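Participant: Could you have a look at this structure, given as structure tokens, before my questions?
The values are calculated or read from the model by the stated rules, or taken from the named source; none is laboratory data. Remember, it's a predicted structure, so these values are computed and weren't measured experimentally. All Cβ positions, even for glycine, are placed from backbone atoms using ideal geometry, and neighbour counts span all protein chains on display. Heavy atoms of the whole protein, side chains included, go into the accessibility calculation; ligands, DNA and RNA do not. Shrake-Rupley method; radii C 1.70, N 1.55, O 1.52, S 1.80 Å.
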Amino acid sequence: MRAALAMILMLLLILPPAGAHAVPERGVIYQVMVDRFYDGNQSNNEPFYDPTHTNYRLYWGGDLEGLTGRLDYIASLGVSMIWVSPVNDNINKMAHGSAPYHGYWTRDYKRIEEHFGTWEDFRRLVKEAEKRDICVIVDYVPNHAGPAMDGEFGALYDNGTFVTDYYRDTKNATVNPYTGIRENVYHHNGNIFTWEGIPLKYANLFGLADFNQLNPWVDSYLTEGALLFVNSGVCGFRIDAVKHMELGWLESFYLRLYSKAPLFIYGEYYSLSPEKTDDLYELYRYSNVSPVLNIPVREDIVRTLGFVGSLETLSRTLEDYYSLFVYPNKQLNFLDSHDLVRFLNEAKRDDAVERFHMALALTMTLPGIPVIYYGDESYLVSGDGKGDPYNRPMMVFNNTTEAARIIRTLAELRKTNDALAFGDFRTVYANYSVWAFERTFGNHRLFVVMNKGSQRNLTLPLDWEDGTYRDALTGAGMRVSGGKAFLELLHNSFYVFHVEGEQNEPLIGSVTPYTAEPGQRILIGGAGFGSSGRVLIGGVEARVLSWNSTEILVEVPEVKAQRAWLDVVVETGEKASEPAKLRYYSGNDVPALIAINATNLTGGLWIKGSLPELAEPRPLLRSSTGYYFTVAPLPNGTAFSVELYRGSSWGELEPLNVTLYGFVNSTVVVLRDEPPIVETETAPAMPTMTIVHGPIEENPLPYLLAALLLLGVALIIWKKRG
Ligand code: NOJ
Ligand code: CA
Ligand code: CA
């Protein structure tokens, strides 16, 4: 009996709270910068505190208690997820003239920043939010710790115990024989000096101490840190700076987090333009593993509505952009953020507020999950400047504005109209000033029409039943008759006509997460699921954990397949859904460095191989040590083969008719031209390191000064002698 009770208690402690996970597409995210939201506890404000809120680079007092106290306000906007800025313990010094009030300069991934509160405060936030049907997404920063050359010089702690800093780490750094990268806990390759290739991922982003995620200690440390949040009940992560990490490491990191819960993880891939560059190709590849913030979409919307531009051009650009993604509806749309100038700080037009309303409504009706930046609802701007850090003023609470009404109305509509959550996207009409698009999911429909030009009447083709439809935002009417919609469009107007018909056949809208390995739980969102049935993944029946007409939770079965994507099908009664897609991994995966000794090869090389993980071509980087390499999650203890290709991101890949072989029994897999003899094969070991927990030494500056002083004295003596 006791043992059983102990077991239940342990399970309760290990398993994240149930019910925290909902289908993300049916929700709206509210983004909060903790320091700038609400000061709920004045005793944690010092040091580096500015009570006057005039120095934007100091702490202004906001904390987890303050955020928790304001949950009713957030809930009043109809949102169902909160993205909180990073809350891990940050450096205790100023660096580059700023305190780490923003949270992106971590020193301890297992502790909470003392200006923001404690783990208990964090868990209370999650619990209180859950009572309001809101879940918490935390910003996590696995690319880098704090500044390498200032502040605490990359000092890193493991739950309070000093591990290393950038200078000590340098002493133990070695050159990885396969990548040519100087590395230990951190990479030691200076700052990113060219925004592509090896430096992009293996050098310091804006001087921030860049982690070597392939170091087994770093890999476990960052994973353990993230799991502390999972065990505290978060429903997802916003992962910072994904462009600067190896995709293969991220894949493996995410799989370990997903093995605990069907989380919603999205990345910040900073790219302002949707033009077809190698960079965009990488973003697209990344999006097949995890959704991203649609930064290029935001840029286009702000340009077109905040300045000048054609809605027709915008419609084409966005249709092209969304067509790149396997799950466009899981991407994230936003207008304002902590990195970009707020719309109202940027758009200098007499009708800026009207255009802001239109832009807000557009980000909430396009394919993708809307993110509302704190204060968008209260027209928050700074009078002191525009971009970072002036896009982070202290929150002004006002949920009675027109912007708040738009957010609330469209957030509520999203909960009931699945065309917003899962619909397709088709432009019906577009010219310079008018854009009309339709979105459909089964019997749920949306017809979105906007006009930034003068008032006009318009007749458009629309295949809806005859009748009069009401716009969700203003109540304006639209008459449909004989396949035509008759519209009266005011100047600077935005209309959302909608239909919520019954869905009697199973229809899948989304899978969360859409990357999975056997044993992992995934949440299937959609309609017409009835009350029971079967789910087939790659043709194999999945264990059902819960089932209702719009959501099914299943466990991914083992599937003997070498394909990257598997079909997910819901069957209920006699009816089967159209397949949705799941990116499948074999299971038991480790992040592996795949290296090819390639002194005789040139050009852009790719591999494609005999495992689901390698079924889609992966580009290789060329090292200075004569190897080509990439990182991929690979099933431990498995032999595999790959084919070599040559080519570039958007072109056809040319097969080189070379087959190479590998065996995964370590984090380095050097491919050879003979199949491995599995019993005896030992892969070369990664350069490893032992973490020595030493006493905390603040920084190397005193030593440097002392050395300079000694040198000076020596010089004087030498001169005097001479
Ligand atoms: C992107 C974040 O959004 C930004 O605010 C931060 O400074 C950098 N990454 C570095 O962490
Ligand atoms: Ca405070
Ligand atoms: Ca990096």
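Participant: Looking only at the range 38-87, which residues are more than 17 Å from A99 (Cα to Cα) and within 16 Å of ligand 1 (Cβ to nearest atom)?
Facilitator: Matches in the range 38-87: W83, V84.
Participant: Then there's this: Return the residues of the range 199-211 that are near ligand 3 (Cβ under 8 Å from one of its atoms) and of a type in the set (G, A, S); say none if nothing qualifies.
Facilitator: A203
Listed here are the residues, each with its yes/no results for (1) outside any loop (DSSP other than H, G, I, E, B); (2) open to solvent by 20 Å² or more (accessible area, probe 1.4 Å); (3) small (G, A, S).
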| position | (1), (2), (3) |
| --- | --- |
| A632 | yes, no, yes |
| S649 | no, yes, yes |
| E652 | no, yes, no |
| T659 | yes, yes, no |
| V669 | yes, no, no |
| E674 | no, yes, no |
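Participant: Another one. Does L208 satisfy being within 16 Å of ligand 1 (Cβ to nearest atom) and within 21 Å of A173 (Cβ to Cβ)?
Facilitator: yes
Participant: Okay, next question. Give the residues of the range 536-592 that are open to solvent by 20 Å² or more (accessible area, probe 1.4 Å) and of a type in the set (S, T, N, Q), sorted by residue number.
Facilitator: Within the range 536-592, S546, N548, S549, T550, Q562, T572, S586, N588 meet the criteria.
Participant: With the checklist (1) within 16 Å of ligand 1 (Cβ to nearest atom); (2) open to solvent by less than 10 Å² (accessible area, probe 1.4 Å) in hand, flag the one item Q213 doesn't pass.
Facilitator: (2)
Participant: Which of the following residues is open to solvent by 10 Å² or more (accessible area, probe 1.4 Å), at negative phi, in contact (Cβ under 8 Å) with a residue 40 or more places away in the chain and hydrophobic (A, V, I, L, M, F, W, C): L205, L156?
Facilitator: Within the list L205, L156, the selection yields L205.
Participant: Just a yes or no: is a residue in the range 342-358 closer than 29 Å to S510 by Cα and touching a strand residue (DSSP E or B) at 6+ places or on another chain (Cβ under 6 Å)?
Facilitator: Scanning the range 342-358 turns up at least one residue that is closer than 29 Å to S510 by Cα and touching a strand residue (DSSP E or B) at 6+ places or on another chain (Cβ under 6 Å).
Participant: I would also like to ask the following. Under 7 Å between Cβ atoms, which residue pairs at least 6 apart in sequence (or on different chains) link something in the range 238-260 that is within 15 Å of ligand 1 (Cβ to nearest atom) with a partner that is among the aromatic types (F, W, Y) and part of a helix (DSSP H, G or I)?
Facilitator: V242/Y286
Participant: Related question: What's the total number of residues in the range 162-185 that are in contact with a Phe, Trp or Tyr (Cβ under 7 Å, 6 or more places away or on another chain), closer than 20 Å to R622 by Cα and open to solvent by 10 Å² or more (accessible area, probe 1.4 Å)?
Facilitator: The total comes to 1.
Participant: A further question on this structure: Collect the residues in the range 186-200 that are within 16 Å of ligand 1 (Cβ to nearest atom), within 22 Å of P619 (Cα to Cα) and in contact with a strand residue (DSSP E or B) (Cβ under 8 Å, 6 or more places away or on another chain), keeping them in residue-number order.
Facilitator: Listed by number, the residues that qualify are H187, I192.
Participant: Residue under question is L523, and the condition is that it be surrounded by 14 or more Cβ atoms within 10 Å (Cβ to Cβ) and assigned to a strand (DSSP E or B); does it hold?
Facilitator: yes
Participant: Working only within the range 63-84, note down all residues that are among the β-branched types (V, I, T), more than 14 Å from I369 (Cα to Cα) and without any contact (Cβ under 8 Å) to a residue 60 or more places away in the chain.
Facilitator: Selection gives V84 alone.
Yes/no per residue for (1) under 25 Å from the mean Cα position of the chain (by Cα); (2) modelled with pLDDT under 95:
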| site | (1), (2) |
| --- | --- |
| A4 | no, yes |
| A22 | yes, yes |
| Q31 | yes, no |
| N44 | no, no |
| Y49 | no, no |
| L64 | yes, no |
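Participant: Then there is this: Could you tell me whether K575 is basic (K, R), over 25 Å from P633 (Cα atoms) and in contact (Cβ under 8 Å) with a residue 24 or more places away in the chain?
Facilitator: The answer is yes for K575.
Participant: Starting from the range 415-432, keep only residues that are closer than 14 Å to N443 by Cβ and in contact (Cβ under 8 Å) with a residue 60 or more places away in the chain, then list their pairs with residues that are open to solvent by 40 Å² or more (accessible area, probe 1.4 Å) and acidic (D, E) whose Cβ atoms are within a distance under 7 Å, requiring at least 6 positions of separation or different chains.
Facilitator: Pairs found: T416/E500; N417/E500.
Participant: Right, here's the next one. How do the pairs read when you match residues in the range 333-359 that are in contact (Cβ under 8 Å) with a residue 60 or more places away in the chain and more than 22 Å from P86 (Cβ to Cβ) with residues anywhere that are β-branched (V, I, T) and away from ligand 3 (no atom under 16 Å from the Cβ), using Cβ under 8 Å and keeping only pairs 6 or more apart or on different chains?
Facilitator: What qualifies is H357/I406.
Participant: Limited to the range 47-70, what total is found for residues that are open to solvent by 10 Å² or more (accessible area, probe 1.4 Å) and near ligand 2 (Cβ under 8 Å from one of its atoms)?
Facilitator: The number of residues fulfilling the criteria is 1.
Participant: How many residues does the range 116-151 hold that are open to solvent by 10 Å² or more (accessible area, probe 1.4 Å) and in contact with a strand residue (DSSP E or B) (Cβ under 8 Å, 6 or more places away or on another chain)?
Facilitator: Here the count works out to 5.
Matching residues to (1) touching a Cys at 6+ places or on another chain (Cβ under 6 Å); (2) within 14 Å of ligand 3 (Cβ to nearest atom); (3) closer than 26 Å to S666 by Cα:
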site	(1), (2), (3)
D150	no, no, no
Y157	no, no, no
D165	no, no, no
K171	no, no, yes
G197	no, yes, yes
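Participant: Sticking with this structure for a sec: Any residue in the range 31-46 that's within 16 Å of ligand 3 (Cβ to nearest atom) and open to solvent by 10 Å² or more (accessible area, probe 1.4 Å): show its pairings with residues that are among the β-branched types (V, I, T) and assigned to a loop (DSSP other than H, G, I, E, B) at Cβ separation under 6 Å, as long as the two are six or more apart or on different chains.
Facilitator: From the range 31-46, no pairs qualify.
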